[in-house]
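The values are calculated or read from the model by the stated rules, or taken from the named source; none is laboratory data. Being a predicted model, the structure only gives us computed values, none of them experimental. Here the Cβ positions follow ideal geometry from the backbone for every residue, glycine too, while neighbour counts run over all protein chains shown.
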Amino acid sequence: MRGIYGKIVLVGSTIVAMAFILSYLSVGATNSPIVYTDISNITRIAYQTDVYVDYINKTPYFYVNFPKRFKYEPVTVCAKVYGNLVKGLGFRLSCSKFDVLITNEDVCNCSEIVFGYGIKHERITKVIWLKNPLNIPPTYVKARYDIAKKGEVLAVYSDGGNAVVRVGKKIYVGFEPTNATLANLLAFYSIKDVNRQRSLIVVTAVTVASIISVFVAIYRFLDKIIYKIAGFLALLVIPIGYVRYDKDYILLNDTRRMIYEYILDNPGTHFRDIVRELNISISTATWHIRILEKAGLIKKKKVGNKIIFYPTGMEKNDLIIVAALNNEKATKIVEYLLNVGKAHARKIAKDLDMNVETVRYNLKKLEGMGIVRSKAERNKIVYFINPDVVSSLSNLY
């Protein structure tokens, strides 16, 4: 029993170490600055799960389920104006229960972004951000007001006039927004400083666990049980840094593209097959498969007691057939039934030189998948290929 618990502890510490190291490596691998066109995807993800932010040289990087000092918690917006812009940025809209009101009038004692409040004029000019949570560049806007409010100046015009001023929970804006400027304004409410002390404790614990696990894993790495468990758990818990899921960008990585092309050529393949055929490590395969899943390029499905991977868009019937035919004995039985039409289990076993119980086991699985059907005939149960999948199977032989 102690040995089992020891292995579980070892697996856990190994996974934590992998998560810690891979997340920080991802910063170096994806060092492009965040731009406002990315924020809609990040916002939608952040409504579903925890998204954290790290700043490197003033540039924000976003992480899923990996704690950093800052957390991205997108607000729910009541938009009296510029509703289409807000929706396009991925924010939830609701005027019955909201966090921030966007309006042209200062109307409530709540968090507001108020457009058009101050000394009126009209000109095209540049906005320069003094506080810049999304690190957007200076932006040309249609300026209508100089903000006369006394408060924290967040942005100025190129001529020195106040463009954005924060007073308590309210932000006053003197220009018509663009996607970038509106995303930056909403980021003042959405990016929050989490408990720094708690973050330091987490980082310290992860570092200690990493050091321990590295020394222990050196001589236990090839242990078969840990090999299986670690690969499975890593598939579930390794975080992905910096959210960017466009297909062309993702497939720039040679290893990731090789895995994706292998799954395209071998739909219904198992995780072990990918690792063995491509000669890559479990941790490498796990990391890249998780990214391909997040990007929507591949999917996984449990068939029987195994997880299979397949390209997104594959028809359900074709997927089930491919999964079934990954089994050599099932394949022989299907080929046999396609040729003879129908037969009972003992005849199939005799003609294929198989154990009858093996034949019955595979027939039961194929029937459960909808590939094979059975019926009573002359006091015997005979099996035949489901007519609905005959055409798909015929194309394979």
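Observations on the structure shown:
- Test: residue in the range 179-191 that is in the same structural domain as residue 132 (by TED's automatic domain parsing), in contact with a Cys (Cβ under 9 Å, 6 or more places away or on another chain) and either touching a residue at least 12 places away in the same chain (Cβ under 8 Å) or not in a loop (DSSP other than H, G, I, E, B) (or both): no
- Among the candidates 294, 300, the residue that is touching an Asp or Glu at 6+ places or on another chain (Cβ under 8 Å) and within 25 Å of residue 64 (Cα to Cα) is uniquely 300.
- Scanning the range 50-75 for residues that are of a type in the set (S, T, N, Q) and within 14 Å of residue 187 (Cα to Cα) returns a single hit, 59.
- Taking the range 41-57 as the range and being β-branched (Val, Ile, Thr) and either more than 12 Å from residue 74 (Cα to Cα) or not in a strand (DSSP E or B) (or both) as the test, the residues that pass are 42, 43, 45, 49, 53, 56.
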